[in-house]
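These notes are about the structure you will find just below.
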Amino acid sequence: MINIRKLEAELWESADLLRAGSKLTSNQYCMPVLGLIFLRYAYSRFKMVEAEILKNRPSRGGRVMPVEASDFAAKSALFLPKEAQYDYLLNLPDDIASAGLVNRDRQTMTSLGEVVNNAMALIEEQSDQLTGVLPKSYTDFSDELLSELLRIFNNSALDEVGGDIIGRIYEYFLNKFAKNIASDDGVFFTPKSLVKMIVNIIEPKSGILLDPACGSGGMFIQSGDFVNQSGMNANSAMTFYGQEKVEYNAQLCLMNMAVHGLTGAIKSGDEANSFYHDAHNLDGAVTM
């Protein structure tokens, strides 16, 4: 049986060791690394849903009809074009410039960072919630560093334990990064254990949940888990709204929700500063 805590620690140690050997700060490293974990989760989920679709797929002339984006939308799953699939990125040649690869704008790509940026842009095209959210700063990484990170998160144990655990590993990394980033940005990160205790006290079951300072979305994740464990579907039973002044944190929140299969409306920037604005016009609304 796989030791999840040991797996989390090993993945973090490997990834952090790479950061220590680079010139990147925690701020520069955090979003791209979490983006790769997101990509790894999305691919694991994609393969699982693809297998379900192909079970009863009709065939013509002895050939099974190819899967389409609409097939995945029907199962509330994210469709991944070939160029955004984890295995595709892993199996690219070392010399990207010689491979003749072009991005979605038909421009030639010469580095692995450009290829991963393109993968993120292709994923955003599949989800309104993720538009403009996923990191695209992978050209800041050397091809060697990025290739090694892709290899680290290709750990076969992640497929054995399933998508829910990849979500847990995402949270583990988020918590680890937060301890370093908080000192740089003055942002407070609420420990998962405290958020879970609050959720267990309020016992959310249905209706609207507003977090006016949602940070990286911990309250939504724990509430979603609480509702799902009660036998209901969180996305059907609840509507999640969030405000977060720091746009960087709002991006983390949307990625975190996507990793955990949740949808919601998150607003960020000055208009989402809850000291001055009710960004969703929910003042006085009945909740839960």
Counting only C-alpha contacts under 8 Å and six or more residues apart, can you give the relative contact order of the chain as a whole percent? 16
Exactly which trypsin sites (Lys or Arg not before Pro) in region 189-288 are in a DSSP loop and have at most 15 other Cβ atoms within 10 Å? 205
Using the Cα centre of the chain as origin and beta-carbon charges of +1 (Lys, Arg) and -1 (Asp, Glu), tell me which of 46, 147, 62 is placed farthest towards the positive end of the dipole. 62
For the chain, which longest stretch is free of loop sites, where a loop site is one of the GluC sites (Glu not before Pro) that DSSP puts outside H, G, I, E and B and that has at most 15 other Cβ atoms within 10 Å? 126-288
If I model a spin label as a point 7 Å beyond the Cα along the Cα-Cβ vector, how far apart are those points for residue 239 and residue 9 in nm? 4.5
Qualifying lysines (Cα of each under 20 Å from Cα of residue 82; at least 8 residues distant if same chain): 47, 136
Using a 1.4 Å probe on the protein heavy atoms only, what accessible surface does residue 221 show? Give it in Å² to the nearest 10. 0
Could you work out which residue, out of 197, 48, 65, moves most in a Gaussian network model of the chain, that is, has the largest mean-square fluctuation with Cα springs under 10 Å? 65
Within the chain: Cβ-based charge dipole about Cα centre, in debye rounded to nearest 20 (Lys, Arg +1; Asp, Glu -1): 740
For region 97-149, averaging the sequence separation of alpha carbon pairs under 8 Å that lie six or more residues apart and dividing by its residue count, the contact order in percent is 32
Give the lysines reachable from residue 205 as a straight Cα distance under 25 Å; neighbours fewer than 8 places away on the same chain don't count. 75, 192, 196, 267
If we count chymotrypsin sites (Phe, Trp or Tyr not before Pro) as exposed when they sit in a DSSP loop and have at most 11 other beta carbons within 10 Å, what is the longest stretch of the chain that avoids them all? 1-187
Placing +1 at every Lys and Arg Cβ and -1 at every Asp and Glu Cβ, with all other atoms neutral, what dipole size does region 1-95 have around its Cα centre, in debye to the nearest 20? 380
What residue among 67, 246, 199 has the largest mean-square fluctuation in a Gaussian network model of the chain, using Cα springs under 10 Å? 67
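The values are calculated or read from the model by the stated rules, or taken from the named source; none is laboratory data. Owing to the predicted nature of the structure, the values given are computational and were not obtained by experimental measurement. So basically every Cβ, Gly included, is an ideal-geometry build from the backbone, and we count neighbours across all protein chains shown. Areas reflect the complete protein model, heavy atoms only, side chains present, ligands, DNA and RNA absent. Shrake-Rupley method; radii C 1.70, N 1.55, O 1.52, S 1.80 Å.
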